[in-house]
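Written below as structure tokens is the structure these notes are about.
The values are calculated or read from the model by the stated rules, or taken from the named source; none is laboratory data. Predicted model, so just to flag it, every value in this text is computed and none were measured. In this analysis, Cβ positions are derived from the backbone assuming ideal geometry, glycine residues included, and neighbour counts consider all displayed protein chains.
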């Protein structure tokens, strides 16, 4: 009996041993199959994951190309900026890391969390920028507490820098973070979210020229994501530099001369249309935009009643005042209505219908010819011309001078201005053109609207013998070695509808406006330089000077002055607009004088 029980026990034991053996064999088979799958089938995938934990590919941003003036002075460059970033995959507890970092730097924890949240969906191990352009003290704090901040890294990035701050800011422009809509455009295929691009001025129109090719390096990191070794590096490819046509010294002179007055200054070379200076005031500091402008600074700019972000040179529209009398005189001469000796009597006003239109000189100018009429800016003389011409003949010649259309300068948001016609008046007011309107537009009042750039180009066409150039603000594009990639040559836009005889006559008239004893632009006279020009005063409201001054500066007239020098073979043409400045002769002409004088100083020293 006992032997049978022993035999049964032994059989059960052997059965259990065989079952255990098969289980062990099955488990080892599963392990073998799994190891085979991991190493053979998924080997590449898991090897890459392992490498990504140890080896990271880090981008090196290519710096933007430089902007220089025509003489090579740097107007926009780059400076190093240090950002504090987070790689969430390296932070075991990201929320604890963010809390510790916020406490160290005094940052807003909710803002840091929001930045991380907004970066969901980014590629693994791509750094998320938490703080940009931080101080050296902040960097030292982060590095000192590196072991307590796993996943936190300090990254160096080139940032746009404008060494002269507000100098030529409206021409240079500013940067801004690329938008999702812009990222969808084919020309921005090499960009990614977070990149900064040109949003205004030359920075915008030359954006693709400023964009280099990013580089990168392979970095070996430890368990906290801290770089311990660089295994390979590809340097970024530099972008192109842009050379402007402006002269930085002349630009500064123009800005200093305009001072804190709201207005605009444009200086061009009449021989080719190159812009020598472009000033719009008030100005702004484009450095504010380089890493993202703060809400406080943005509110201060957009809520400023003087609109510092507007480029007044190409966007402000005002009646040209008496500077427009040049166009009226040109139209009357070319239509054969007057000649040099045609005289009109000015008794201080001219009656038209049931209204008297006054001259600025209460006692009148007496009998006066064209040369005296322009030199002394006699309103009655040009009231007569306006009455003879009518709106449509004057509009035809005005458009021939480039008014009412875009100049074609390669800056965005330029405005074309406006020149009224009888057809427009009929459609706008539902009545025929009124005779009194012809008198108003003949002296640059009424519905006439021009930009400073249009006005200086019109006068430049008189200075150069009748050529209306397309204005140039960019001279050339060069590579980092200085080799020319592209050069921008002068372009003739049109020829003004005026004979050479009449052009010469009008030059004589403009010379008289500055140099004759009774010329209204005498404050622009320079010894040894023949300056020719014209003052202008544009009404803001139709009140006497005494009444408008009592209402405050915002109701004072705008002051204009346009000039070129020398009278024959002119090398520079300048327009000055002082908003609410009063009379052009007293407010604007002295500014133009300083600019012209400085130009010839630079020219004599070989700097032009």
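Below are the figures for this structure:
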item: Where a residue in the range 181-194 is within 12 Å of residue 61 (Cα to Cα) and assigned by TED's automatic domain parsing to the domain that holds residue 211 and its partner, wherever it lies, is part of a loop (DSSP other than H, G, I, E, B) and modelled with pLDDT of 85 or more, with Cβ under 6 Å and at least six apart; result: 191/178
item: Some residue of the range 498-521 being in the same structural domain as residue 360 (by TED's automatic domain parsing) and part of a strand (DSSP E or B); result: no
item: Any hit, the range 538-553, residues being in a strand (DSSP E or B), at pLDDT below 95 and in contact with a helix residue (DSSP H, G or I) (Cβ under 6 Å, 6 or more places away or on another chain); result: yes
item: Counted residues, the range 126-138 - those being loosely packed, with under 15 Cβ neighbours inside 10 Å and not in a loop (DSSP other than H, G, I, E, B); result: 2
item: Within the range 468-492, considering residues that are surrounded by 13 or more Cβ atoms within 10 Å (Cβ to Cβ) and over 20 Å from the mean Cα position of the chain (by Cα), the one farthest from residue 405 (Cα to Cα); result: 480
item: When residues of the range 367-389 are limited to those that are surrounded by fewer than 23 Cβ atoms within 10 Å (Cβ to Cβ) and assigned to a loop (DSSP other than H, G, I, E, B), the one nearest to the chain's Cα centre (by Cα); result: 376
item: Residue 111 in a helix (DSSP H, G or I) and surrounded by fewer than 19 Cβ atoms within 10 Å (Cβ to Cβ); result: yes
item: Condition check for residue 457: modelled with pLDDT of 95 or more, in the same structural domain as residue 536 (by TED's automatic domain parsing) and crowded, with 24+ Cβ neighbours inside 10 Å; result: yes
item: Residue match in the range 463-472 (condition: more than 26 Å from residue 328 (Cα to Cα) and either not in a loop (DSSP other than H, G, I, E, B) or not assigned by TED's automatic domain parsing to the domain that holds residue 240 (or both)); result: yes
item: Within the range 583-596, considering residues that are modelled with pLDDT of 95 or more and either outside the structural domain of residue 524 (by TED's automatic domain parsing) or out of contact with any strand residue (DSSP E or B) (no Cβ under 6 Å at 6 or more places or on another chain) (or both), the one nearest to residue 71 (Cα to Cα); result: 594
item: Tally, over the range 392-421, of residues that are over 14 Å from residue 330 (Cα atoms), crowded, with 24+ Cβ neighbours inside 10 Å and over 28 Å from the mean Cα position of the chain (by Cα); result: 0
item: Candidate set: the range 514-537, residues that are closer than 13 Å to residue 597 by Cα and out of contact with any helix residue (DSSP H, G or I) (no Cβ under 8 Å at 6 or more places or on another chain); chosen: the one modelled with the lowest pLDDT; result: 528
item: Subset of the range 246-270 [farther than 20 Å from residue 564 by Cβ and part of a loop (DSSP other than H, G, I, E, B)]; result: 259, 260, 261, 262
item: Selection status of residue 565, in contact (Cβ under 8 Å) with a residue 24 or more places away in the chain, within 25 Å of the chain's Cα centre (by Cα) and either crowded, with 19+ Cβ neighbours inside 10 Å or within 17 Å of residue 529 (Cα to Cα) (or both); result: no
item: Check on residue 90, in the same structural domain as residue 155 (by TED's automatic domain parsing), at pLDDT below 80 and surrounded by 20 or more Cβ atoms within 10 Å (Cβ to Cβ); result: yes
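Conditions tested, residue by residue: (1) within 30 Å of the chain's Cα centre (by Cα); (2) at pLDDT below 85; (3) exposed (fewer than 14 other Cβ atoms within 10 Å of the Cβ); (4) farther than 12 Å from residue 84 by Cα.
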position: 124; (1), (2), (3), (4): no, yes, yes, yes
position: 153; (1), (2), (3), (4): no, yes, no, no
position: 159; (1), (2), (3), (4): yes, no, no, yes
position: 166; (1), (2), (3), (4): yes, no, no, yes
position: 169; (1), (2), (3), (4): yes, no, no, yes
position: 179; (1), (2), (3), (4): yes, no, yes, yes
position: 184; (1), (2), (3), (4): yes, no, yes, yes
position: 187; (1), (2), (3), (4): yes, no, yes, yes
position: 198; (1), (2), (3), (4): yes, no, no, yes
